[in-house]
Amino acid sequence: MKRFLFGKTWFLLFTLLIAYGAEGAAKKPISSSDTIAPTVSVTSPANGATVSGKVQLIASASDNIGVTKVEFYVDGALQGSAAVAPFTISVDATSAPIGAYILTAKAYDAAGNIGVSSPVRVNVSRVSPTPTPTPSPTPIVTPRPTPSPTPTPTATATPTPTPSTTSAAGIIFQENFDSQLDWNTTGSLNADCGLVSCSKAPPNWTQYYSQPAVGNLGVLIQPIPNNGTDHTGGTARKALLAYYNNVTYSGAAELSKTFPAEYQELYLRVWIKAQPGWSTAGDSSIKMFRIGHWDRTGSAFAYFPGGNGAPMTGINWATSSNWRVTNGVPDGCYISWFRMDPQETHYYPTTAPFNVDKAERLVSGVPPSGAGQFADGQWHRYDLHVKMNTQSGSTWNANGIYEFKYDGRVVVSYNNVLYKNAGSPVDLGWNTIQMGGNNLNEYIGGINPQWAAYDDIVVSTSPIPESYIPR
């Protein structure tokens, strides 16, 4: 059993040097004029697959005369070889860092011609994806709890956590962007790349949307502005930058990750920082991130009742004329919003409070740029916990969970959400996260467009430890 050999890079490059000779049969004469390269493809794992433990690598290759041998590489280090079809070896991903890796294949023939496969992305997980858990036989429907009073913020920045030294159980995805190449959705990348076949998304991600470009910018992966300092105090770090225009819902910038499995319960954590001097209008709504289910047909960004994504829920930054401090400046707010399934009949919920995208105070009595608020130019931690509602017989129970935390403090919590309704598949689960979006924020003055930085994203099937930092 071979084990992955790793350098310091995040990316895993499997290079399959493949060649084939007929076993137990006379070989054809090799012509010195042979200039036709073999063709090769990685057939397993599949593109976008999540793997863990022992992994079987399989490739297929063909040539007009013959393929002579197979060599498997990880980050340029030889892992093993296969001389005959089926071209396969087994590797051990048990100790591989969690994250995305790129697999490619090269096929060689006796004349020295080389064929190269298309890249295949896989994600290493510490546990195998688990299907829908068995619903509770006697669900309890409870009313919406009353959120705890919000404390008055201090002028200090968000405390820097001490990084965890071990991997946390249940983690299915993490991204700190530091090992990513710079990436910018301009030029030919300015597009709705929302299909399953999207091949232009950065490694570890599956789709993106940038259409039209926002001030010649969209979603970028690049060094964090202002010395590249992240929330841990580390320097020369990278992040995802989503740009927002000073135009009502014109242009959107989103990066999306679709998982190969369906999950009934997920925990999401992301650190977000607004650029210094972020401007907001008196009434605004700025889409930040979401968790949802995508049907894996059409675009992952096709919303509304005729689209392909429901249920969905997420967080917006916001302000509201209903919430103003004494000097008339609007408080910084958030919007928890909900879109239900089936998308054709229940997309917009009809039961309060889920039927209204209402701005609520994030930190009472403080404007967006005030200390502790979302636009104070500091890093803040956002945690979202969602769980699908269960079914008893033919009845869907109002027992879905939605809990949003800001810098570790519970802001809002519901345990009576009807994510799934009559007509929903029982095994329908969460399978997609998306960062960024468009906005309603026609502010006066300030910089246009404005950026928000996203970093250290973690998705888990169990609670994420307070100190956990993605590797």
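Rule-based calculations on the coordinates, nothing more; no lab input. Source: prediction; values computed, not measured. When we count neighbours, we look across all protein chains shown, and the Cβ atoms used for this are built from the backbone with ideal geometry, even at glycine.
Ranked highest first by the average count of other Cβ atoms within 10 Å around their residues, in what order do 458-471, 229-242 fall? Intermediate results must be reported in sequence, preceding the final value.
Numbers: 458-471: 17.9, 229-242: 20.0.
Going by the mean number of other Cβ atoms within 10 Å, highest first, we get 229-242, 458-471.
Can you compute the FRET efficiency between Lys358 and Ala85 using 1/(1 + (r/R0)^6), with r the Cβ-Cβ distance and R0 = 60 Å? Round to the nearest 0.05. Don't jump to the answer; show the numbers that get you there.
Numbers: r = 61 Å, r/R0 = 1.02.
According to the calculation, E is roughly 0.45.
Determine the dipole magnitude for the stretch 200-330: charges of +1 sit on the beta-carbon of Lys and Arg, -1 on that of Asp and Glu, nothing else is charged, the reference point is the Cα centre, and the result goes in debye to the nearest 20. Please list the in-between numbers first.
Working: 10 positive and 6 negative charges, 53 e Å.
The calculated dipole for the stretch 200-330 is roughly 260 debye.
Mind listing the long-range amide H neighbours of Lys238? Cut-off is under 5 Å, sequence gap 5 or more, other chains count too, H placed in the peptide plane at 1.01 Å from N.
Asp178, Ile224
What FRET efficiency, computed as 1/(1 + (r/R0)^6) with R0 = 45 Å and r the Cβ-Cβ distance, is obtained for Leu195 and Ala371, rounded to the nearest 0.05?
Values: r = 43 Å, r/R0 = 0.96.
Calculated value: 0.55.
Could I have the simple spin-label model distance between Thr297 and Asp283, label points 7 Å from Cα toward Cβ, reported in nm to one decimal?
Here the answer is 3.8 nm between the modelled labels.
With the cut-off at 1.5 for a/c, could you classify the stretch 172-291 from its C-alpha gyration tensor as rounded, prolate or oblate?
Details: a/c = 1.30, a/b = 1.10, b/c = 1.18.
Because its axes are fairly even, with a/c under 1.5, the stretch 172-291 counts as rounded.
What's the ranking of 389-402, 365-378 by average number of surrounding C-beta atoms within 10 Å, highest first? Working shown, then result.
Details: 389-402: 16.9, 365-378: 19.9.
Taking the mean over residues of other Cβ atoms within 10 Å, the ranking is 365-378, 389-402.
Could you run the Karplus curve 6.51 cos²θ - 1.76 cosθ + 1.60 with θ = phi - 60° over the stretch 180-194 and give me ³J(HN,Hα) per residue in whole Hz, x for Gly and Pro?
With coefficients 6.51, -1.76 and 1.60, one gets 6, 6, 4, 8, 9, 8, 10, x, 5, 8, 6, 6, 8, 9, x Hz.
Amide H of Gly437: which non-local residues (sequence gap of 5 or more, or other chain) have their own amide H closer than 5 Å, using H built in the peptide plane?
Ala253
Would you mind checking which residues have amide H under 5 Å from Val366's amide H? H placed 1.01 Å from N; only 5 or more apart, or other chain.
Here Gly332 satisfy the definition.
Along the stretch 203-211, what does the Karplus equation 6.51 cos²θ - 1.76 cosθ + 1.60 (θ = phi - 60°) give for ³J(HN,Hα), rounded to whole Hz, x for Gly and Pro?
x, 5, 10, 10, 8, 8, 9, 8, 7
Suppose every K and R has +1 on its Cβ and every D and E has -1 on its Cβ; what is the size of the dipole of the stretch 244-399 about the Cα centre, in Debye to the nearest 20?
On the way: 12 positive and 12 negative charges, 54 e Å.
In debye, rounded to 20, the stretch 244-399 gives about 260.
Tell me which of Pro425, Gly370, Thr395 sits at the most positive position along the dipole axis of the stretch 334-471, charges placed on C-beta atoms (Lys, Arg +1; Asp, Glu -1).
Checked the options; the winner is Thr395.
Calculate, in nm to one decimal, what Ile447 and Asn322 gain on full extension: separation in residues at 0.36 nm each, minus their alpha carbon distance. Each step should come with its number before you reach the end.
Details: separation 125, 0.36 × 125 = 45.00 nm, distance 2.58 nm.
Between Ile447 and Asn322, full extension yields 42.4 nm more.
Please give me the summed charge of the neighbours of Arg237: other residues whose Cβ is under 10 Å from its Cβ, Lys and Arg +1, Asp and Glu -1.
Values: positive: Lys238; negative: Asp178, Asp230, Asp455, Asp456.
The answer is -3.
Got a sec to turn the phi values of the stretch 220-229 into Karplus ³J(HN,Hα) couplings, 6.51 cos²θ - 1.76 cosθ + 1.60 with θ = phi - 60°, whole Hz, x for Gly and Pro?
10, 10, 6, x, 5, x, 6, 6, x, 8
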